[in-house]
Ligand code: ADP
Ligand code: MG
C-alpha cells in the first residue's frame, strides 16, 4: 500500500490550462473520490497519476517517490476504465491473468491470484467465457479482477460504472465499497455522480474548471460547502 501526494499539479494542452494547481495528500488505504461535472479535468488528473499523461508542472509522489518520469508499467498502480478495455478474444481467466503473464509471474501464482479474485468478484463460474458472453456488470467485475490480481499499491478508477444501468450501478457501488473494506488499497476514484461520491468516499475532492474547490469527508462537504459551486453541485439532486 502507499500514500499518494499531488503537489501543485498543473496541466496544459498547448495554451489551454486544464489543471490549475491541485494539492492533496492521500493517506495509505484511503478511498478518495474526485467528483465534478464533465470537462472539469478529472480524467486528466487521474491520467497524470497513472503516467498516461505528462505533467506540465508540479509533482506526483507514490509512496513518497517522485514518479513524474516513471512509465505507467513501472508505477505500482492498476487502473479500471469506464469501457472495461477487455480483450474480446481471450477468456475471462486470460483477461485477468494477462498483466501477470507479461510481468512473468510464475504460473501457479497466477492461477492462485486469479482464483482468489474470481471468488471475491463472484466470477468463479465464468472463467472460461469470453467477454461477449457476460453481462455488463460481469464485464466490469472482470476489469476490476484484472486490477486486483496485480496487487497494486494504488487503484485508479475512471468512471467505472457509468456504462451500467442505474440498478446495476447501485449494486456495483456496494460491491466496490465491500472490496475496499476487504483490500484497503489506496484508491483514487473519478465520477461525475455526486451520490456515488458521497457513498464511496473517505474524502472527496470536488473539482470545478481544473481547480479542487474543496477536499473533505462527504458529510463535511455536504454540511459546509466552501464555494457556491460546491453547494450547488453536491446539494443538487442526481
Ligand atoms: P473530465 O474527465 O472531468 O470530463 P477531462 O480531464 O477529460 O475532463 O478534460 C478536461 C479538459 O481538458 C476538457 O476541456 C478537455 O476538452 C481537455 N482535454 C482533455 N484531454 C485533452 C487533450 N488530449 N488535448 C486537448 N485538450 C484535452
Ligand atoms: Mg473523464
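Going by what's in this entry, would residue 232 be described as farther than 23 Å from residue 6 by Cα, under 18 Å from the mean Cα position of the chain (by Cα) and in a helix (DSSP H, G or I)? Give the derivation first.
On the way: farther than 23 Å from residue 6 by Cα: yes; under 18 Å from the mean Cα position of the chain (by Cα): no; in a helix (DSSP H, G or I): yes.
No, not satisfied.
Check whether at least one residue in segment 69-85 is buried (at least 22 other Cβ atoms within 10 Å of the Cβ), within 16 Å of ligand 2 (Cβ to nearest atom), in a strand (DSSP E or B) and at pLDDT 95 or above, and report yes or no.
Taking every residue of segment 69-85 in turn, none turns out to be buried (at least 22 other Cβ atoms within 10 Å of the Cβ), within 16 Å of ligand 2 (Cβ to nearest atom), in a strand (DSSP E or B) and at pLDDT 95 or above.
Suppose we keep only residues that are within 14 Å of ligand 2 (Cβ to nearest atom) and more than 20 Å from residue 234 (Cβ to Cβ) within segment 157-205. Which one would you say is modelled with the highest pLDDT?
Here the answer is 158.
Can you name every residue in segment 135-170 that is assigned to a helix (DSSP H, G or I) and out of contact with any helix residue (DSSP H, G or I) (no Cβ under 7 Å at 6 or more places or on another chain)?
141, 143, 144, 147, 166, 167, 169, 170
Output the residue which, of all residues in segment 1-28 that are within 16 Å of ligand 2 (Cβ to nearest atom) and in contact with a helix residue (DSSP H, G or I) (Cβ under 8 Å, 6 or more places away or on another chain), is farthest from residue 67 (Cα to Cα).
Only one residue tops the list, namely 18.
Checking residue 208 against (1) closer than 23 Å to residue 11 by Cβ; (2) in contact with a strand residue (DSSP E or B) (Cβ under 8 Å, 6 or more places away or on another chain); (3) surrounded by fewer than 20 Cβ atoms within 10 Å (Cβ to Cβ), only one condition comes out false. Which one?
Every condition holds for residue 208 apart from (2).
Could you grab me the full set of residues in segment 33-52 that are assigned to a loop (DSSP other than H, G, I, E, B), near ligand 1 (Cβ under 9 Å from one of its atoms) and crowded, with 18+ Cβ neighbours inside 10 Å?
Correct list: 36, 40, 41.
The values are calculated or read from the model by the stated rules, or taken from the named source; none is laboratory data. Quick caveat: nothing in here was measured; it's all calculated off a predicted structure. Here the Cβ is made from the backbone with ideal geometry for all residues, glycine too, and neighbour counts use every protein chain on show.
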